[in-house]
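Right, one structure below, let's go through it.
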Ligand SMILES: [Zn+2]
């Protein structure tokens, strides 16, 4: 079978739950039969490719990798877990041949992180002062695929605690400029203080968001802003606190944020804020954990079906890609049983087709 051979998959298509024959030709779905198609799945459940909406291909557990082979390894781990669309939430290195590889997940890039000097992990971000933020957002909006990544808060070692990076008026100007350029803005926040200005400034996606308090929820909903809670990584806050022995106030803060995180996430979900699945792979966590993050969300607040949507068709729509539809890009994962009934089914994909190619 060559990459040009049309494919046929038969099964129950999610989210609508109808049994159907789906064909793949030239990397796209066709819902009408295609002559000469080879059957690659017969039976089971067809799920639009899973989505990791917050990861970092090219960042390993020890920072930026040196070689395309290592970055490829990250993308393969994500793909083999079923994640066929990735939103890369900031990397300091570029591996174009990995992004262009038709057998690897599609990656939507947010350019590089934007932070202030000494106010993020060393070596990751473009580091600028507030008077340079608008121009830097412009540059990163042009470098990325429709997303810009800001660091909204981080430890301020002079204060010994989390603190916002940017004044509110500067954020409003920078996020407004990104929107003029057609880019959306994702922002890293852990604490409470940075969020009111960010929400007022029109941020599109709150990453981590452990400081999202009840008083802000209605404003976030009204703004149409999403939350990518990276719940598995929030479980690491205690470890971050343990290693921050020189900053006891900060350490205590991180522990309290982790302790409150599940209730806050549940409140955000109940308020109607759209949640999407992101693992934050590529700093503290390895790649390939998309299914574990989906399962984690079912443990905290979401039904299996809603968590699957947040890590598949709903996230694809949010990022601008259709699911299993006529003419849509042919990203599909096949499972033996219905993941809406038992989410753990996602741990064992039977067949993976990315960009119209069978990779498993
Ligand atoms: Zn991240």
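Just so it is clear, none of the values below were taken in a lab; they were calculated from the coordinates. No experiment lies behind these values; they were computed from the predicted model shown. Cβ placement follows ideal geometry from the backbone for every residue including glycine, while neighbour counts extend to all protein chains displayed.
Please work out the FRET efficiency for the pair residue 215 and residue 62, using the Cβ-Cβ distance as r and a Förster radius of 45 Å; give the result to the nearest 0.05. Working from the Cβ atoms, E equals 0.70. The distance separating the Cα centre of region 333-359 from that of region 158-186 comes to 38 Å. Summarised as an ellipsoid, the chain has semi-axes of 36, 21, 19 Å, derived from the eigenvalues of the Cα gyration tensor scaled by 5 and square-rooted, with the largest first. Taken along its principal axes, the alpha carbon cloud of region 1-53 reaches lengths of 29, 27, 16 Å, longest axis first.
Among 101, 88, 131, a tally of other beta-carbon atoms within 10 Å of each Cβ gives an order, fewest to most, of 131, 101, 88. In whole Å, what is the distance between the alpha-carbon centres of region 29-67 and region 122-153? Using only Cα atoms, the two centres lie 29 Å from each other.
Across region 61-134, Cα-Cα pairs more than 18 Å apart make up 45 percent of the total. Compared with the dominant principal axis of the Cα atoms in the chain, helix 68-80 is inclined by about 60°. Computed from Cα positions, the angle between helix 290-300 and the longest principal axis of the chain comes to roughly 70 degrees. Viscosity 0.890 mPa s, temperature 25 °C: give me the Stokes-Einstein translational D for region 1-127 in µm²/s, with Rh taken as the Kirkwood radius over C-alpha pairs. Roughly 147 µm²/s, to the nearest whole number. Rg/Rh for region 119-198 stands at 0.95; both radii use Cα atoms, and Rh follows the Kirkwood definition. At full extension, residue 118 and residue 350 could sit 79.0 nm farther apart than now, given 0.36 nm per residue minus the alpha carbon distance. Its relative contact order, with pairs defined as Cα atoms under 8 Å and 6+ residues apart, puts region 50-316 at 21 percent. With bins 5 Å wide beginning at 0, the percent of Cα pairs of region 28-69 falling in each bin runs 5, 12, 15, 14, 10, 9, 13, 13, 7, 2.
Counting only DSSP beta bridges with both residues in the chain, the antiparallel share comes to about 45 percent.
The ellipsoid that matches the Cα gyration tensor of region 81-227 has semi-axes, each √(5λ) in whole angstrom, of 24, 18, 15, with the longest given first. Quotient of the Cα radius of gyration of region 203-360 and 2.2 N^0.38 Å, N being its number of residues: 1.14. Computed from Cα positions, the angle between helix 248-271 and the longest principal axis of the chain comes to roughly 50 degrees.
Residue exposure proxy: 301, 225, ordered by other Cβ atoms within 10 angstrom of their Cβ from fewest to most, comes out as 301, 225. Based on the alpha carbons, how large is the Rg to Rh ratio for region 231-300 when Rh follows Kirkwood? Rg divided by Rh gives 1.01. Taking the number of Cβ atoms within 10 Å of each Cβ as an exposure proxy, the fewest-first ranking of 5, 298, 245, 189 is 245, 5, 298, 189. For the chain, adding -39500 (n - 2.57) for each run of n ≥ 4 DSSP H residues and dividing by the number of residues yields -9000 deg cm²/dmol at 222 nm. Kindly list the residues of region 170-188 that lie in the label zone of residue 222, defined by a backbone N under 18 Å from the point 7 Å along the Cα-to-C-beta vector. Backbone N within reach: 172.
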